[in-house]
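K.L.:
Would you mind keeping the following structure in view while I ask a few things?
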Amino acid sequence: MIGPCVLPDDVFDALAAGEGGRSAVLLLLRARRSRNLLLLRRALDGPCGAAAEAAADLLAGVERVDPEAARSVVDGPAFGTWAARTLRDCPAHRGGGCAGRDLAALAVLAAVRAAHPARITVPVREGRLALPGLGTVTGLGEAREALVVVEAAGPEGAPGTSAEGRRVRVLTAAGVRVLPRDPSRPGHGWQPVAVLDARHRGLTLRLPLETAAPELPALETASAGPAAWRELLRQAWELLVENHPRRAEELAAGLNGIVPLPAPARGVASATSRHAFGTVLTSWPADPERLALTLLHEFQHSKLSALSDLVTLYEPGGGPRLYAPWRPDPRPPGGLLQGIYAHLGDLAFWQDRSGSRHGPAQADAAWRLAQTRAHVERGLTEAAAHVRLTALGTRFLDRLARTVRDGDGDGGRGGGRDAGGGERLARAVARVQAGDEAVWRLRWAAADDAGTGRLAALWRSGRPPGALPAADVRAATGAVAGPGPEFGRWAARQRGAERARPAREAADAVLAAPHRTQGWAELAAAAAEEGRPGADVLRTRTELVHALLLRLTAQRTAPPPGTDPPRTPDPLSLAAWLTDGAAEAGQKTGVSMSQNARSPLAKTSATG
C-alpha cells in the first residue's frame, strides 16, 4: 500500500490556484495513505506498539484478502488522528490504557467490510464500545474491554460474503451482545453510524455521519438526526454540482466523513483535523447554502495539509503570531497560510452567489464576496511580510494571488473583481477591515515600555522618532472571543455608509476617551479613507500610538521659561510623526488601504 509520490509541476500550480481537480485530490489521497502507514510503522516501533500489534496484524490479514476494505480504513476519518495521538508518547501506555489499543476498533471495521473472520479485544469507555465508521454499542456497564468476534456465514466462513451474511458479537463479563446482521440498522443497544448519500447529475457523494470516534464527545443528534442531515446534504450537493462542478468532483473524490459538532451559541462551528484528510467537523448548518460553503472551505484545509506533507512552503522563524483578518486571535505562519487557502473556496462560492441571487440576498452575497477577497489580499500581504517562504512557497502564493487578482477563486472562470460590487462597496469593506485590524492590535500587541518612553521624550523635544520599537504580539490563551458587540454594530453600519466619520472628528473622540477601543477603529478607518499621513501606523501599530498618547497626556509639564510650549499630543499628528521618522530610518510601517488591493507577491505591498 506504500508507494512513491511525485507531485508534477502542473498539479502543484493547479492546487496553488485553488483547485487541482479530481486527479490532484487522488494523488494527495495516495500520499496521505502512505503517510498514515508510515505513522503506523512508527507507532508499532514505539512504546504503544505492543498494544496495537494484534490490530495491525488483523489489518494486514484483511489487506491480503480484500485490499479495498483495508485501504478504506487507512484512508478513513479516524486512522490518521489515531496515529497522531498514539505517537505523542501516550502517558498511559504502561497502565494498559494507552491509545494504541484503539486501533482494534478500526481493525474491526476493516474485518466487517471484508467479511473477514476476526477475534480482537477492543476498549470500552463509560459503558460504550465505539467502532468508528460502524457504530456504538451502549449499555456495557462497568466493562473496560470487550472481545469482538466477526463471523462470516458464507461457505466455511469464507471472507467476502455480503453484509447480511456476517455476524458480529460483542462479549463482556456481563454477557453477549449480537449486532444486527446489517450493522447499518439500529438495534437494541446498537447505534449505527449513518451514511449520507447524495446524487446529482451522475456525481455521488457518500459520507458517514461519524458519531463513534472514541476521542469525540457522545453527541445527541435527535434534533438534527440522520434524516435531516441527509436531506440537507442532498440540497447542498445539488447546489455544488450545478455551480461548482470541478470542486464537486474534488469533494466526491476526497471527502470521507462528516463529524457533527455541538452547536455554538451563535452561527456554525466547523473545523478540520490536519491528520484526517477529507473529514469535515461541523455543527448543524441549518441551510444547504451554509453546508455547501462549509464543505468547500474545510476541504481546502485538507488539501493544503496533505500538500504540506509533500513540499515545504515556509521555513521556521519569521513572525510567530500574525494577523489574520478572519480570526480574532493571532495565528502562526502555518495557520495563516491555511486560512488564506481555505478562503479561496469561500471566494468561489460567493462569486457564484453574488451573480445568481437577487435583491437583499444578492447584496449580502456581494458584501461577503468583497469582504472575503479583502481578507485574502490582506492575508497575502501579511504572509509576504512575515512568513519565511521557501521558493516553492513563494511560487504557491504568487499563483494563489494571481487567482484572486484575475478571477474568482474558482479556476479563474468567474466574472472578475467587481461582480456585484462597486467602489462604494469596496470602500465600506476597507473601512471595516482597517477598523478590525486596529482593534486586533489594541487587543494583542503590546507597546514596548522603554521604547514608548524614548518616543515620548523625542516628541517633547521636537526631534524625529527614528526607527520604531519592534512589535510584540502576545500569545492567545484559553477561549478567544471576537472584538465585541460595539465593533459589530459599527461594522454593520458601514455597509450603508457613504464614507467614514471625518478623521478630525474621530481623533477628537479618541482624545476624549482614549481607552475606548471603538474610537480607535473609527480613527484608523477614517484616516485610511482620507489618505491621511500616518494612516498605516494607525492601522498596523495602533497599540504604539495608543501607548504614546497615554504617556504624553499623563505627563504634561509646564515648559521651562523662555521655551516654546510642547506640541499638543494628538493621535493624527503622532501617527504622522511616527511615519515620517520611520521613513527617514528606512523602516516600513504597514499596508495602506490602496495597497491592500494588489498582490503582495508582485512586490507592490509587501510591507511589514
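K.L.:
Specify the residue that is surrounded by the most Cβ atoms within 10 Å (Cβ to Cβ); the eligible residues are those in segment 329-354 that are out of contact with any helix residue (DSSP H, G or I) (no Cβ under 6 Å at 6 or more places or on another chain) and of a type in the set (D, E, K, R).
P.N.:
Arg331
K.L.:
Scan segment 471-486 and give yes if some residue there is surrounded by 13 or more Cβ atoms within 10 Å (Cβ to Cβ) and part of a helix (DSSP H, G or I), otherwise no.
P.N.:
For segment 471-486, residues surrounded by 13 or more Cβ atoms within 10 Å (Cβ to Cβ) and part of a helix (DSSP H, G or I): present.
K.L.:
Only one of Leu296, Leu261 is closer than 20 Å to Pro208 by Cβ and touching a Lys or Arg at 6+ places or on another chain (Cβ under 8 Å). Can you tell me which?
P.N.:
None of the others qualify; the one that does is Leu296.
K.L.:
Continuing with the same structure: Does Ala60 meet the test of being free of Cβ contacts under 8 Å to residues at least 40 places away in the same chain and surrounded by fewer than 17 Cβ atoms within 10 Å (Cβ to Cβ)?
P.N.:
Spelling it out, Ala60 is indeed free of Cβ contacts under 8 Å to residues at least 40 places away in the same chain and surrounded by fewer than 17 Cβ atoms within 10 Å (Cβ to Cβ).
K.L.:
Next question. Find all pairs meeting these conditions: Cβ atoms under 9 angstrom apart; at least six residues apart or on different chains; first residue within segment 427-444 and within 18 Å of Pro514 (Cβ to Cβ) and at pLDDT 95 or above; second residue surrounded by 24 or more Cβ atoms within 10 Å (Cβ to Cβ) and among the basic types (Lys, Arg).
P.N.:
The qualifying pairs are Gly435/Arg539; Ala438/Arg539; Arg441/Arg539; Arg441/Arg541.
K.L.:
Then there's this: Return the only residue of Ser34, Ser72 being more than 22 Å from Leu281 (Cα to Cα), among the hydroxyl-bearing types (Ser, Thr, Tyr) and either surrounded by fewer than 20 Cβ atoms within 10 Å (Cβ to Cβ) or at pLDDT 95 or above (or both).
P.N.:
Ser34
K.L.:
Given Val108, Val148, which one is crowded, with 22+ Cβ neighbours inside 10 Å and either at pLDDT below 95 or in contact with a Leu (Cβ under 7 Å, 6 or more places away or on another chain) (or both)?
P.N.:
One residue alone meets the criteria, Val108.
K.L.:
Taking helices (runs of 4 or more DSSP H) that do not extend beyond segment 5-65, which have at least 2 residues that are of a type in the set (Lys, Arg)?
P.N.:
21-45
K.L.:
Something else now. Give me the pairs, please: first residue somewhere in segment 500-515 and basic (Lys, Arg), second residue anywhere and buried (at least 16 other Cβ atoms within 10 Å of the Cβ), beta-carbon distance under 7 Å, and either six or more positions apart or on two chains.
P.N.:
Close Cβ pairs (under 7 Å, with a partner that is buried (at least 16 other Cβ atoms within 10 Å of the Cβ)) amount to Arg501/Glu522; Arg501/Ala526.
K.L.:
Just checking, which of Arg368, Arg357 is among the charged types (D, E, K, R), at pLDDT 95 or above, surrounded by fewer than 24 Cβ atoms within 10 Å (Cβ to Cβ) and touching a helix residue (DSSP H, G or I) at 6+ places or on another chain (Cβ under 8 Å)?
P.N.:
None of the other options fit; the residue is Arg368.
K.L.:
Continuing with the same structure: Which ones in segment 458-470 are part of a helix (DSSP H, G or I) and surrounded by 14 or more Cβ atoms within 10 Å (Cβ to Cβ)?
P.N.:
Result: Leu458, Trp459, Arg460.
K.L.:
With the structure loaded, tell me whether Arg321 is more than 30 Å from Arg539 (Cβ to Cβ) and either more than 13 Å from the chain's Cα centre (by Cα) or aliphatic (A, V, I, L, M) (or both) or whether it fails that test.
P.N.:
no
K.L.:
Pick out, from segment 183-294, the strands (runs of 3 or more DSSP E) lying fully within it that include 2 or more residues that are closer than 30 Å to Arg125 by Cα and under 18 Å from the mean Cα position of the chain (by Cα).
P.N.:
Counting at least 2 such residues, we get 257-260, 279-282.
The values are calculated or read from the model by the stated rules, or taken from the named source; none is laboratory data. Since the structure is predicted, the reported quantities are computational estimates derived from the model, not experimental observations. Backbone-built Cβ (ideal geometry, glycine too); neighbour counts: all protein chains shown.
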